[in-house]
Amino acid sequence: MHAHDHRQDHLATDPVCGMKVARGGSASVVHGGTTYWFCEPACAATFRQDPDRWAASEPLTHDHADHDRAGHAHHG
């Protein structure tokens, strides 16, 4: 028996902002045969503008000031 936490298997990291998001959420993009999941459609739109940049980089930390905060549950 192993101690692996299977809850983590259902999480992905938004490649634009670095937020942990549930796989199967509403905002996703398939690029190069890989599905990328996003916290919101605005991050997915940013990814679509230059997918090679975001797919190859570490997520940037930002405050989402460049897009609408409505519906953002991760802001305190």
### Query
For the residues Ser57, Ser28, what sequence is obtained by ranking on other C-beta atoms within 10 Å, fewest first?
Ser57, Ser28
### Table column - 3J(HN,Hα) (Hz), the range 49-57, Karplus curve with 6.51, -1.76, 1.60, x for Gly and Pro
5, 7, x, 5, 4, 6, 5, 9, 10
### Message
Can you compute 3J(HN,Hα) from phi for each residue in the range 12-19, using the Karplus curve 6.51 cos²θ - 1.76 cosθ + 1.60 with θ = phi - 60°, rounded to whole Hz and x for Gly and Pro?
### Response
10, 9, 4, x, 8, 10, x, 6
#### Entry: Estimated distance in nm for a label pair at Arg53 and Thr13, the labels positioned 7 Å out from Cα along Cα-to-Cβ
1.9 nm
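Bear in mind these aren't lab numbers, they're just calculated from the coordinates by the rules spelled out. Since this is a predicted model, take the numbers as computed values, not measurements. As a convention, Cβ positions derive from the backbone with ideal geometry for all residues, glycine included, and neighbour counts pool all protein chains shown.
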